[in-house]
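Written out below as C-alpha cells is the structure these notes cover.
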Amino acid sequence: MAKKKMNFKTAVIVFPGSNCDQDNVRSWKTTTGLTAELVWHKEGSINDYDLVIIPGGFSFGDYLRCGAIARFSPVMKEVARLANKGRYVLGICNGFQILTEAGLLPGALRRNKDLKYLCRDVFLRVENNKTPFTSLYGLGQVLKLPISHGEGGYSISPAGLNQLKEREGIVFRYCAQDGSVAPQDALNGSIDNVAGVVNKGGNVLGLMPHPERMAEEALGGLDGRALFTSILEAYKGA
C-alpha cells in the first residue's frame, strides 16, 4: 500500500497567466508529502499522471472570457484523455472555468452578480462526501475557504441543474457560517449556491474557492487539506 502511494504522480498545468501553480505544488507537498510536476500548456503528450490539477489565475489574460482560449491548448487533449481513463482531475477557480469550457464539466461560469471582483473568505457546505475529493469531509460539514474571482457565478440550464441534483453532482454549496443556505450566501450569484461540481464519472471536480490557500495553519486554516488527502485515500483504496 505504501509503495502505491509513493508511485502516485501529480501534474499541475501551467498556462500563460496561471498564478496559483506553485501554491498547488506546495499544498500538495505539505498535505501528502508527495511532489507534483509543473507541466506547460503546450505539451501535446504527457505522462499518465494519477492526478492533474488545473490551478487558478488568469489564463491568457481571461481574453474573450475565462478559460475560452486555454481549452484549446494542446495539453487539454491529454487532460481529457486522462479524465476518460478515470484519472483524477481537479480544477480550481480558473481551472474550473477551463474545465467547463472544455466540456469536462457541465455548466459555465459568468460574471459575478454585482460585476465586482471578489477576494475574501466564504463558507461552503459539503453536499457530497462520496467523491474521491471529499471522502474525508463530513456530509454537511461547513468549510471556510477563500475566493478570488471576477467570473465565478455558476450557471446551468434548469434541466442541467436537475440532472446535477439527481446524480449528486453538486459537491459544494455556498452557505452561512451555521450551514444554512440562502441566495445571499452566494456572493457571486451562482445558481442554487453551487460552488463546486463533479462529473458523472466522479473523477473530475471543479470548484471556485481555493483549498490550496487554506491548507496550512500559517495561511489561516486547514479546511482545504482534506480535499487533497481525500484524493490520495481514494487512490490507495481503489
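The values are calculated or read from the model by the stated rules, or taken from the named source; none is laboratory data. All values derive from a computational prediction rather than experimental measurement. Backbone-built Cβ (ideal geometry, glycine too); neighbour counts: all protein chains shown.
Looking at segment 181-209 only, could you name the residues that are over 20 Å from G224 (Cα atoms) and without any contact (Cβ under 8 Å) to a residue 40 or more places away in the chain?
Of everything in segment 181-209, those that are over 20 Å from G224 (Cα atoms) and without any contact (Cβ under 8 Å) to a residue 40 or more places away in the chain turn out to be A182, P183, Q184, S190, I191, D192, K200.
Taking interchain pairs and intrachain pairs at least six residues apart, which have beta carbon atoms under 6 angstrom, with the first residue in segment 214-238 and in contact (Cβ under 8 Å) with a residue 24 or more places away in the chain and the second exposed (fewer than 14 other Cβ atoms within 10 Å of the Cβ) and assigned to a loop (DSSP other than H, G, I, E, B)?
These pairs meet every condition: K236/M1.
Being under 22 Å from P146 (Cβ atoms), modelled with pLDDT under 95 and exposed (fewer than 15 other Cβ atoms within 10 Å of the Cβ) narrows it down to one of D62, D114, so name that one.
Criteria check complete, one pass: D114.
Quickly run through segment 197-214 and pick out the residues that are within 21 Å of A186 (Cα to Cα) and part of a loop (DSSP other than H, G, I, E, B).
Result: M208, P209, H210.
When residues of segment 145-178 are filtered for being touching a Leu at 6+ places or on another chain (Cβ under 8 Å) and either hydrophobic (A, V, I, L, M, F, W, C) or more than 22 Å from I98 (Cα to Cα) (or both), how many remain?
Residues flagged as touching a Leu at 6+ places or on another chain (Cβ under 8 Å) and either hydrophobic (A, V, I, L, M, F, W, C) or more than 22 Å from I98 (Cα to Cα) (or both) within segment 145-178 amount to 7.
Let me spell it out: the conditions are (1) out of contact with any helix residue (DSSP H, G or I) (no Cβ under 8 Å at 6 or more places or on another chain); (2) surrounded by fewer than 22 Cβ atoms within 10 Å (Cβ to Cβ); (3) assigned to a helix (DSSP H, G or I), and Y235 meets all of them except one. Which number is the exception?
Y235 satisfies every listed condition except (1).
Restricting attention to segment 215-232, report how many residues are assigned to a helix (DSSP H, G or I) and surrounded by 22 or more Cβ atoms within 10 Å (Cβ to Cβ).
Final tally of qualifying residues: 5.
Restricting to segment 6-39, what's the tally of residues that are within 17 Å of S73 (Cα to Cα) and among the charged types (D, E, K, R)?
1
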